[in-house]
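The values are calculated or read from the model by the stated rules, or taken from the named source; none is laboratory data. Values in this document were obtained by computation on a predicted structure and should not be read as measured data. Neighbour counts run over all protein chains shown; Cβ positions are idealised from the backbone, glycine included. These area figures cover heavy atoms from the full protein model, side chains too; ligands, DNA and RNA do not enter into them. Shrake-Rupley method; radii C 1.70, N 1.55, O 1.52, S 1.80 Å.
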Amino acid sequence: MNMEKEVRIFEVQEALGSYVDDVNRLLVQLSSSPAPFTLENLAALVSSAATHLFFAESEGSVVGMLTLGEYLAPTGRKMWIEDVVVDGAARGRSIGRMLVEHAMSFAGNLGDGVLMLTSRPSRVAANNLYRSCGFQPKETNMYRKEIKAAK
């Protein structure tokens, strides 16, 4: 009996309600207090030329996701991997690796640049994955500030 179930990685190209449900289901496994993800959010994301949402699908169900963003700066092309998450029931099947390797290949097709990501130190398995994929820790301070839209 084959225990390995086929996994397909694909870029989300349309805003479907079922995809919104999938994102929300995965986000609660990534963050303790995620903002609700809406159909409007998904429509904006898939219509952006600079943002690419990838799903991992197995047996007709979305079991993981990753977002790749890109922009040009005076110092060159920058690409960021964000929101990498694999459903708890599907972990241990190298789906995270498949998503990251797919994003690395996709990024290479975008042109020369630097591919970056961040990961909390407490996410030991994720950090080990990123290092094994060739990512190097960078000595830097990470700063964060939430910005609210002007009214």
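Partners of Lys138 within straight-line reach, counting lysines whose Cα lies under 23 Å from its Cα and excluding those fewer than 8 residues away in the same chain: Lys78. Once the Cα-Cα distance is subtracted from the 0.36 nm per residue extended length, the Ala50 to Glu11 segment shows a gain of 12.8 nm.
Counting Lys and Arg as +1 and Asp and Glu as -1, each charge on the Cβ, what is the dipole of the chain about the Cα centre in debye, to the nearest 20?
About 680 debye.
The Cβ shell under 15 Å around Asp21 holds other residues with a net charge of -4, Lys and Arg each +1, Asp and Glu each -1. If you take all other residues with their beta carbon under 12 Å from the beta carbon of Arg8, and give Lys and Arg +1 and Asp and Glu -1, the sum is -3. With a 1.4 Å probe rolled over the protein heavy atoms of all chains, the accessible area of Met98, Met79 falls in the order Met98, Met79, largest first. Over what distance in Å are the Cα centres of segment 45-71 and segment 20-42 separated? Between the Cα centres of segment 45-71 and segment 20-42 lies a distance of 13 Å. Computed with a 1.4 Å probe over protein heavy atoms only, the accessible surface of the chain comes to 66 Å² per residue. Scalar couplings 3J(HN,Hα) for segment 40-52, obtained by applying the Karplus form with A = 6.51, B = -1.76, C = 1.60 to θ = phi - 60°, are 5, 4, 5, 4, 5, 5, 6, 8, 7, 6, 9, 10, 10 Hz; x denotes Gly and Pro. Solvent-accessible surface of protein heavy atoms, probed at 1.4 angstrom with all chains present, puts Ser122, Ser31 in the order Ser122, Ser31, largest first. Our summary gives the chain a relative contact order of 19 percent, counting only alpha carbon pairs under 8 angstrom and 6 or more residues apart. In the chain, carbon and sulfur make up what percent of the accessible area (probe 1.4 Å)? Heavy-atom surface of the chain belonging to carbon and sulfur, 1.4 Å probe: 52 percent.
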